[in-house]
1. In region 161-177, what count of residues is obtained for those that are crowded, with 18+ Cβ neighbours inside 10 Å and in contact with a strand residue (DSSP E or B) (Cβ under 6 Å, 6 or more places away or on another chain)?
2. Looking for whichever is exposed (fewer than 15 other Cβ atoms within 10 Å of the Cβ), within 20 Å of residue 260 (Cβ to Cβ) and free of Cβ contacts under 8 Å to residues at least 60 places away in the same chain here; the options are 203, 228, 222, 207. Which one fits?
3. Return only the number of the condition from (1) modelled with pLDDT under 95; (2) within 30 Å of residue 32 (Cα to Cα); (3) surrounded by fewer than 20 Cβ atoms within 10 Å (Cβ to Cβ) that residue 155 does not satisfy.
4. Given the conditions (1) surrounded by 14 or more Cβ atoms within 10 Å (Cβ to Cβ); (2) modelled with pLDDT of 95 or more; (3) in a helix (DSSP H, G or I), report the number of the one that residue 193 does not fulfil.
5. When you scan region 181-189, do you find a residue that is surrounded by 13 or more Cβ atoms within 10 Å (Cβ to Cβ) and under 30 Å from residue 107 (Cα atoms), even just one?
């Protein structure tokens, strides 16, 4: 059972109750945390009803003094809603560790809005919803080692964590892994389309593409060899794989992917500027 070190007061408060908050809440409950120790502020009635139905919680429609009991406050609202969401919370959350799973909102803005310098930013991705995600983490200097451990324990049910030393590196994390599942889905779409166009039933094309991604990723993780060498092992000159890779190289697929990820990082920086820093 995963436990959160030094969680006193023991409550955890979520500002926002969407999908990522739901993934974290589900993990906490599976690890043995009592529903009564989880507070959620969620203004949308449909979301409150979902949280009550799925997790047995009693979400609040608006912020109030109950938030003062939280040892960790998790900011899980859409970035453009952060300022409005933070205003009514500020009087109650200053004594808590602040954990943000919002893209683009920098720790300076969170510290100002919450009244706490103890801020950790997390950049998770959507596979967190099935416990297979990865989150980049950055902690401000005021965050203690025990508090880092508490964050790791809270996020553990959603997948892996990687700490970065510079907050600016979260823009690269956002571009690479935060947005990364969409790149995989994009390639999967193309592979499945190719399979169908070659005459395979759609279900077979889907099964083959998904299993290929899953197996190749598992092999890359298990092997000490870099991806370039693994690719070379199955790319015999003059063979079918060679024909495909040669076509991709002629079309500039590799450099295009690098440029795309760099553009995503640039956009992450722009969002940080837009939402304050």
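1. Of the residues in that region, 5 qualify.
2. Numbers: 203 fails: within 20 Å of residue 260 (Cβ to Cβ); 222 fails: within 20 Å of residue 260 (Cβ to Cβ); 207 fails: within 20 Å of residue 260 (Cβ to Cβ).
Only one candidate passes the filter, namely 228.
3. Just one mismatch for residue 155, condition (3).
4. Among (1) surrounded by 14 or more Cβ atoms within 10 Å (Cβ to Cβ); (2) modelled with pLDDT of 95 or more; (3) in a helix (DSSP H, G or I), the lone unmet condition for residue 193 is (1).
5. yes
Results for (1) surrounded by fewer than 21 Cβ atoms within 10 Å (Cβ to Cβ); (2) free of Cβ contacts under 8 Å to residues at least 40 places away in the same chain, shown as yes or no for each residue.
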| residue | (1), (2) |
| --- | --- |
| 121 | no, no |
| 140 | yes, yes |
| 149 | yes, no |
| 159 | yes, yes |
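The values are calculated or read from the model by the stated rules, or taken from the named source; none is laboratory data. Here the structure is a predicted model, which means the values were calculated and not measured. No Cβ is skipped: glycine too gets one built from the backbone with ideal geometry, and neighbour counts run over all protein chains shown.
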